[in-house]
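I have placed the structure first, in the form of structure tokens, so that the comments after it can refer back to it.
The values are calculated or read from the model by the stated rules, or taken from the named source; none is laboratory data. Fair warning: this is a prediction, and the values are worked out from it, not measured in the lab. Every residue, glycine among them, receives a Cβ derived from its backbone with ideal geometry; neighbour counts consider all protein chains shown.
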Amino acid sequence: MKNHSYWRLPGGVIVDFQRHHTDGITARTFSFLGLPIGLCVTALSWTREAYYGVRAQRPPGAWKRTVTAVLHGTGRVMSSYCPDPPKIWGGLALALPRFNLVLGWQTHAWLQKADAHALQPCEACAAAGLRGIVRET
Ligand SMILES: [Zn+2]
């Protein structure tokens, strides 16, 4: 599979696929464009070495860290475009050892607010260096 491809589906829906691989971590992202909401599915996978560490140098207690990572990485995903307004529910995540799956969504109203806010950032955003802005492109 190529690192970047897209497919046109019936009804004007476009599926955009991107694959990135760095340091033993592979990210695969499917973005669905042309739907009533912004929809994005991301799968992250780790090589054994990238997730647990190099075999000869693995610190003890790796299973505890794995359980913690799975528990913390599973559940609702909150998103925001600004540090000031409260975060909203924008996705669901499932974490397994060496594998994460995230389904994210954004309404058009939310994306419009984010666009408007990016044009006129508030003091909180300026202070955060606009790091709070999360956008699908
Ligand atoms: Zn702001």
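Worth pointing out:
- When residues of the stretch 23-71 are limited to those that are of a type in the set (S, T, N, Q) and closer than 12 Å to A95 by Cα, the one surrounded by the fewest Cβ atoms within 10 Å (Cβ to Cβ): T68
- Test: residue in the stretch 98-117 that is of a type outside the set (S, T, N, Q) and in contact with a helix residue (DSSP H, G or I) (Cβ under 6 Å, 6 or more places away or on another chain): yes
- Residues satisfying the stated conditions in the stretch 72-87, i.e. surrounded by fewer than 13 Cβ atoms within 10 Å (Cβ to Cβ) and within 30 Å of T26 (Cα to Cα): H72, G75, R76, M78
- Hits in the stretch 100-137 - residues which are under 30 Å from V70 (Cα atoms), exposed (fewer than 14 other Cβ atoms within 10 Å of the Cβ) and either among the acidic types (D, E) or at pLDDT 90 or above (or both): T107
- So A50, is it of a type in the set (G, A, S) and without any contact (Cβ under 8 Å) to a residue 12 or more places away in the chain: no
- Scanning the stretch 74-88 for residues that are at pLDDT below 95 and not β-branched (V, I, T) yields M78, S79, S80, Y81, C82, P83, D84, P85, P86, K87.
Yes/no per residue for (1) hydrophobic (A, V, I, L, M, F, W, C); (2) assigned to a helix (DSSP H, G or I); (3) touching a strand residue (DSSP E or B) at 6+ places or on another chain (Cβ under 9 Å); (4) modelled with pLDDT of 95 or more:
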{"position": "M1", "(1), (2), (3), (4)": "yes, no, yes, no"}
{"position": "G11", "(1), (2), (3), (4)": "no, yes, no, no"}
{"position": "T42", "(1), (2), (3), (4)": "no, no, yes, yes"}
{"position": "A69", "(1), (2), (3), (4)": "yes, yes, yes, no"}
